[in-house]
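These notes concern the structure reproduced below.
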Amino acid sequence: MSRLGRLTAETRAASLAFLRRRTAVFFTFFFPVIIVVIFGVLVQTQPGGGGLFTEPPSFYAPGYLAVVVLFTPLSRVGSEVARHRDGNRFEKLATTPLTRTEWLLAQTLVNVVIIGIAGLLILGLMVWLTGATIRPSGLLLPFVGLGVALFCAVGAMLGSLADSQDGVIAASNGLALPLLFLSETFVPQTLLPAWLPTWLSPLTYFSRGVRAATTGTGDALGPLAVLTACAVVGFVIGARLLPRTD
């Protein structure tokens with residue numbers, strides 16, 4: 001079987017595995033909806049009022065997108081790696097031509113499609129429910145794709161290093177929650193301490209780039225270059241850390 005054939009087969013298998021887990025489907029698509037309703041409709045934004053949620057609604061697009069771009073790959077890929085490891089499925093995969101890099105790439109492709117659809121739903125809800133002015137450019141797609149790839153890789157690292165599936169969930173939540181609120185997503189940089197090194201978080205570059213790609217203001221190419229480098233390095237490390245069977 002060719003490499004393309006192996007990727008196609010594994011991608012199809014991963015897609016069916018996702019659709020069979022109804023809880024995963026529910027939280028992937030409806031948890032972001034709940035977040036938009038709570039923060040965008042119930043809390044709402046108050047420009048110039050001081051404190052949190054004082055920016056225009058479009059400012060928070062990266063935050064809403066980050067909910068799925070960050071949480072979903074970390075938990076899904078991390079749990080999948082842990083399940084494969086506990087069930088000795090990597091040993092079974094070792095008897096096939098499928099490599100660890102191809103396996104992780106297939107998982108990443110599935111997540112890119114799923115989260116891309118969820119992202120469209122989120123942006124549509126923002127425009128409908130909050131009146132946000134969203135003017136997406138073509139750069140939005142690579143930002144979402146690279147963000148998903150990066151956190152799929154981080155999820156693979158967590159799944160390879162954690163001692164159990166419960167450990168993966170705990171580690172992914174412990175990593176994702178601080179990143180979500182300390183990476184210029186929901187909280188503007190002006191409200192964060194000056195000493196906080198937000199530039200160390202790859203999610204910061206996702207936030208800056210998505211904000212530029214959806215509002216037409218700011219630089220998108222610089223953050224895109226940094227996010228691309230992080231995704232490539234992360235993918236290589238994540239693939240190498242997958243359990244060895246040879």
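At-a-glance table
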{"read-out": "Helices (runs of 4 or more DSSP H) fully within the stretch 89-168 counting 2 or more residues that are surrounded by 24 or more Cβ atoms within 10 Å (Cβ to Cβ) and at pLDDT 85 or above", "value": "100-125, 140-161"}
{"read-out": "Scan of the stretch 17-34 for residues that are in a helix (DSSP H, G or I) and either open to solvent by 90 Å² or more (accessible area, probe 1.4 Å) or among the charged types (D, E, K, R) (or both), ordered by number", "value": "LEU19, ARG20, ARG22, THR23, PHE26, PHE27, PHE30"}
{"read-out": "Conditions (1) of a type outside the set (Lys, Arg); (2) outside any helix (DSSP H, G or I); (3) under 14 Å from the mean Cα position of the chain (by Cα): number failed by PRO243", "value": "(3)"}
{"read-out": "From the options VAL67, VAL41, residue that is at pLDDT below 80 and either open to solvent by less than 30 Å² (accessible area, probe 1.4 Å) or of a type in the set (Val, Ile, Thr) (or both)", "value": "VAL41"}
{"read-out": "Qualifying positions in the stretch 200-217 - farther than 11 Å from GLU184 by Cβ and assigned to a loop (DSSP other than H, G, I, E, B)", "value": "GLY216, THR217"}
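The values are calculated or read from the model by the stated rules, or taken from the named source; none is laboratory data. Model, not experiment: these values are computed from the prediction. As a convention, Cβ positions derive from the backbone with ideal geometry for all residues, glycine included, and neighbour counts pool all protein chains shown. Please note that ligands, DNA and RNA were not included when accessible areas were found on the heavy atoms of the full protein model with its side chains. Shrake-Rupley method; radii C 1.70, N 1.55, O 1.52, S 1.80 Å.
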